[in-house]
Amino acid sequence: MIDQFRRTYPKLDGVAITNTWSGAVDYSSDSMPFFGRLAGSPRVHFGVGFSGNGVGPSYIGGKILASLALERDDEWGTSPMIRTPATRLPPEPLRAIGGWVVRAAMRSKEAAEDQEKQPSALVRRLTPLDPTSFVG
Ligand SMILES: Cc1cc2nc3c(=O)[nH]c(=O)nc-3n(C[C@H](O)[C@H](O)[C@H](O)COP(=O)(O)OP(=O)(O)OC[C@H]3O[C@@H](n4cnc5c(N)ncnc54)[C@H](O)[C@@H]3O)c2cc1C
């Protein structure tokens, strides 16, 4: 990331990077958040899958969760975001292996693009398998 930053902003070359931060991002299989009641525990409500874009949408998420908890039949309590994503991921261990392979392909594609090179044909075939198509 720092190499990429230095390539993107060469004029900031002498400026020290004093702090960095990172965290886990939860992706849903269609890149959209979804909400609901936990199966077997109807008093537990969840909102997940903001896919790296939750700062704004979590405001709406809060309204949906409040209406779910209060069993309100309003626009939030009947929101189409209360759903189970349609796309299914393969079972383990295929899911873990597949995830590992596709993530490696995405890294390779990004590295090639950073050097303004064409990613290999195999990499170009693998990256669209990323369900979020974040890199595509
Ligand atoms: C590096 C990074 C960059 C991002 N950049 C952007 C961006 O530019 N724009 C954007 O829209 N989104 C961005 N996101 C995504 C955004 O931060 C999330 O989508 C959003 O914060 C999700 O909101 P949330 O309420 O679901 O989860 P969170 O914000 O993670 O909130 C969950 C809270 O629950 C608390 N918690 C966990 N376990 C317990 C427990 N057992 N008991 C009590 N509390 C608990 C945690 O401490 C946390 O405060 C980024 C995320 C990361 C990691």
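Using +1 at the Cβ of each Lys and Arg and -1 at the Cβ of each Asp and Glu in the chain, identify which of 80, 123, 53 lies farthest towards the dipole's positive end.
Looking along the dipole axis, the top candidate is 123.
Between the stretch 1-47 and the stretch 89-112, how many Å separate their Cα centres?
If you average the Cα positions of each part, the centres end up 18 Å apart.
Run the simple label-point estimate for residue 112 and residue 29 please: 7 Å along Cα→C-beta, distance reported in nm.
The two pseudo-label positions are separated by 2.7 nm.
With every protein chain left in place, what is the accessible area per residue of the chain in square angstrom, probe 1.4 Å?
Dividing the accessible area of the chain by its residue count gives 75 Å².
Size of the dipole of the stretch 24-87 about the Cα centre, Lys and Arg at +1 and Asp and Glu at -1 on the beta carbon, nothing else charged, in debye to 20?
Once rounded to the nearest 20, the dipole reads 140 debye.
Starting from the coordinates of the alpha-carbon atoms of the stretch 24-87, obtain the Kirkwood hydrodynamic radius over all distinct pairs and give the value in Å to one decimal.
11.9 Å
Sorted from largest down, what three extents in whole angstroms do the Cα atoms of the stretch 58-104 have along their principal axes?
43, 19, 15
Within the stretch 107-127, find all residues whose amide N lies under 19 Å from a label point positioned 7 Å from the Cα of residue 94 along Cα-to-beta-carbon.
Within reach of a label on residue 94, which here means backbone N under 19 Å from a point 7 Å along Cα→Cβ, the stretch 107-127 contributes 126-127.
Students sometimes get this wrong: rank 126, 94 by accessible area, probe 1.4 Å, all chains present, largest first.
94, 126
Report the relative contact order of the chain, percent, no decimals, based on alpha-carbon pairs under 8 angstrom and at least 6 residues apart.
Computed over the chain, the figure is 20 percent.
Just tell me which lysines come within less than 24 Å, Cα to Cα, of residue 109; anything on the same chain fewer than 8 places away is out.
Within the straight-line limit of under 24 Å, residue 109 reaches these lysines: 117.
Whenever you get a sec, compute what percent of the accessible area on the stretch 24-87 sits on carbon and sulfur atoms (1.4 Å probe).
Reported share for carbon and sulfur atoms: 60 percent.
Roughly what angle does helix 94-114 make with the longest principal axis of the chain, taking Cα atoms, 0 to 90 degrees, to the nearest 10?
Orientation of helix 94-114: about 40 degrees from the principal axis.
The values are calculated or read from the model by the stated rules, or taken from the named source; none is laboratory data. Source: prediction; values computed, not measured. Heads up, the Cβs are rebuilt from the backbone with ideal geometry, glycines too, and the neighbour counts pull from every protein chain shown. Calculation scope for accessible area: heavy atoms of the full protein, side chains included, ligands and nucleic acids excluded. Shrake-Rupley method; radii C 1.70, N 1.55, O 1.52, S 1.80 Å.
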